[in-house]
Amino acid sequence: MANVQKRPDGRWRARYRDAAGKEHSRHFKRKIDGQRWIDEVTASIVTGQYVDPNAGKIQFRDYAEPWRAAQVHRPSSQAHVETMLRRHAYPFFGERQIASILPSEIQAWVTRLSSGDPATKRRPLAPATVGVVHGIVFQIFRSAVRDRKLIANPCEGTRLPRVEKRRVTPLSTAQVEKLREGLPDHFKALVVLTAGTGLRQGEVFGLTRDRLRLLGRNPAVIVDRQLVQRANTGPVFGPPKTKASYRTVPLPAVVVRALNDHIATYDITEDGLLFTMFGKPIVRSTFGHTFRPAAEAAGFNAGTGTGMHALRHYYASLLIRYGESVKTVQARLGHASAAETLDTYSHIWPDAEDRTREAIDEVLGKDQRGAEEVLG
């Protein structure tokens with residue numbers, strides 16, 4: 001039922017009842033405006049796009065938290081989403097009604113994240129991080145649209161900061177050695193292991209002695225889990241990053257020696273973690289306070305990266321330098337596809353021009369040297 005009636009004050013009252021029998025009304029100066037509103041509501045009901053005007057009064061945090069809990073995420077992703085919302089979205093929109101948040105406010109929020117806020121001592125976020133946070137909020141609003149809480153997603157059309165893809169600059173062996181020397185003794189083998197296998201940080205932190213094959217002709221490390229940080233809990237074991245991350249990585253002799261010495265020195269049990277802090281599983285943020293100062297002292301920078309991932313790049317660069325194929329590098333690193341490997345390291349592989357020069361020099365250079373020897 002819908003109608004437009006003139007009130008004693010001269011204004012026009014337009015009203016309708018929704019499917020639940022609840023009445024909704026608005027007042028207009030002109031009858032035609034009231035009728036237009038009724039027509040728009042009627043059209044939205046007919047087309048299945050009707051949204052209850054009161055549905056969007058729910059606060060952003062109150063909608064986002066059940067949404068977050070309902071997502072099918074890996075433990076590490078769950079913790080990541082919780083952290084991004086708590087640090088970067090809830091301080092701005094947590095107590096706001098979702099229907100009141102405008103596209104212009106989303107744009108202003110993105111700009112503020114990108115530039116920082118001296119008043120609150122908020123540091124600027126990297127463009128890639130801004131994109132991740134915006135993407136999470138975008139998904140929340142998209143869900144609200146699907147749930148008929150909103151008519152449109154205010155994140156649509158947001159201009160995000162441009163992400164400049166940096167080329168990986170591999171570390172030198174001298175930098176890796178300097179890092180090893182700069183860390184406490186109980187982390188020295190961690191550097192050798194990571195640089196010699198390319199394991200991810202969580203894979204190293206979650207490595208237990210029973211995942212090592214240190215005897216025999218083919219020593220190796222079995223990667224079938226990692227240590228992940230869950231929201232409101234401590235580190236726990238979780239699955240590797242992707243299906244391709246399940247792998248067995250050969251252990252060079254230098255890594256075997258370092259691990260054997262480490263196990264003997266710290267009396268690590270068969271199922272014990274290889275590396276801990278204060279006898280407990282390593283928390284990434286806490287470990288960073290130890291690792292990054294030593295990394296910066298060793299010359300790690302924006303090009304190489306200042307985290308443990310720089311050691312993974314170092315391992316990949318060694319494989320490429322010694323002629324390993326793309327598929328081998330992909331398998332050792334646990335990349336989901338060869339395309340991912342090439343996208344990250346293609347600039348390190350010798351290009352076609354280099355191979356052409358080497359081929360011609362190898363053949364013609366050899367002939368020329370032989371002729372010179374004859375003439376000589």
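The values are calculated or read from the model by the stated rules, or taken from the named source; none is laboratory data. Quick caveat, the model's predicted, so the values are computed rather than measured. Don't worry about glycine lacking a Cβ; one is built from the backbone with ideal geometry, like all the others, and counts go over all protein chains shown.
Residues that are out of contact with any helix residue (DSSP H, G or I) (no Cβ under 8 Å at 6 or more places or on another chain), surrounded by fewer than 15 Cβ atoms within 10 Å (Cβ to Cβ) and over 30 Å from ASP52 (Cα atoms): does region 127-142 have at least one? Checked against the condition, which is being out of contact with any helix residue (DSSP H, G or I) (no Cβ under 8 Å at 6 or more places or on another chain), surrounded by fewer than 15 Cβ atoms within 10 Å (Cβ to Cβ) and over 30 Å from ASP52 (Cα atoms), region 127-142 yields at least one hit.
One residue stands out in region 317-331 among those that are within 19 Å of LEU171 (Cβ to Cβ) and either at pLDDT 95 or above or loosely packed, with under 13 Cβ neighbours inside 10 Å (or both): the one that is farthest from the chain's Cα centre (by Cα), namely TYR322. Would you confirm, using the coordinates I've provided, whether GLU156 is among the acidic types (Asp, Glu), out of contact with any Gly (no Cβ under 6 Å at 6 or more places or on another chain) and not assigned by TED's automatic domain parsing to the domain that holds ARG312? Answer is yes for this residue.
Does LEU150 count as aliphatic (A, V, I, L, M), exposed (fewer than 15 other Cβ atoms within 10 Å of the Cβ) and not in a helix (DSSP H, G or I)?
No, not satisfied.
If ALA119 satisfies every condition in (1) without any contact (Cβ under 8 Å) to a residue 12 or more places away in the chain; (2) within 26 Å of the chain's Cα centre (by Cα) but one, which is the exception? ALA119 satisfies every listed condition except (2). When residues in region 287-316 are screened for being on the phi > 0 side of the Ramachandran plot, surrounded by fewer than 16 Cβ atoms within 10 Å (Cβ to Cβ) and either among the aliphatic types (A, V, I, L, M) or within 23 Å of the chain's Cα centre (by Cα) (or both), 0 of them pass.
Exactly one residue out of PRO103, PRO124, PRO118 is touching a Ser or Thr at 6+ places or on another chain (Cβ under 6 Å) and surrounded by fewer than 21 Cβ atoms within 10 Å (Cβ to Cβ), and it is PRO124. When you check THR194 against the structure, is it among the hydroxyl-bearing types (Ser, Thr, Tyr), outside any helix (DSSP H, G or I) and either at pLDDT 95 or above or in contact with a Pro (Cβ under 7 Å, 6 or more places away or on another chain) (or both), yes or no? The answer is no for THR194.
Can you name the residue in region 65-109 that is among the aliphatic types (A, V, I, L, M) and farther than 18 Å from THR129 by Cβ and is also modelled with the lowest pLDDT among such residues?
VAL72
When residues in region 330-340 are screened for being of a type outside the set (Lys, Arg), within 27 Å of GLY288 (Cβ to Cβ) and part of a helix (DSSP H, G or I), 2 of them pass. If you filter region 66-90 down to residues that are among the aliphatic types (A, V, I, L, M) and more than 22 Å from ALA126 (Cβ to Cβ), you find that the one that is surrounded by the fewest Cβ atoms within 10 Å (Cβ to Cβ) is VAL72.
Name every residue in region 275-295 that is among the aliphatic types (A, V, I, L, M) and touching a residue at least 60 places away in the same chain (Cβ under 8 Å), in order of residue number. Answer for region 275-295, where residues must be among the aliphatic types (A, V, I, L, M) and touching a residue at least 60 places away in the same chain (Cβ under 8 Å): ILE282, ALA294, ALA295.
Filter region 230-274 for residues that are surrounded by fewer than 13 Cβ atoms within 10 Å (Cβ to Cβ), without any contact (Cβ under 8 Å) to a residue 12 or more places away in the chain and either within 27 Å of GLU340 (Cβ to Cβ) or of a type in the set (D, E, K, R) (or both) and give the result. Within region 230-274, ASP267 is the sole residue that qualifies.
Here is a yes/no grid of residues against (1) of a type outside the set (Phe, Trp, Tyr); (2) within 30 Å of ARG230 (Cβ to Cβ); (3) touching a Lys or Arg at 6+ places or on another chain (Cβ under 9 Å):
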residue	(1), (2), (3)
PHE275	no, yes, no
GLY279	yes, yes, no
THR290	yes, yes, no
ALA295	yes, yes, no
ASN301	yes, no, no
THR328	yes, no, no
LEU333	yes, yes, yes
TYR345	no, no, no
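If PRO350 passes every condition in (1) surrounded by fewer than 20 Cβ atoms within 10 Å (Cβ to Cβ); (2) in the same structural domain as VAL192 (by TED's automatic domain parsing) but one, which one does it miss? Just one mismatch for PRO350, condition (2).
Filtering region 153-175 down to residues that are hydrophobic (A, V, I, L, M, F, W, C) and exposed (fewer than 13 other Cβ atoms within 10 Å of the Cβ), which residue is nearest to the chain's Cα centre (by Cα)?
Let us first name the residues in region 153-175 that are hydrophobic (A, V, I, L, M, F, W, C), namely 155, 160, 163, 168, 171, 174.
Retained after the next criterion (residues that are exposed (fewer than 13 other Cβ atoms within 10 Å of the Cβ)): 163, 174.
Numbers: VAL163: 14, ALA174: 29 Å.
My answer is VAL163.
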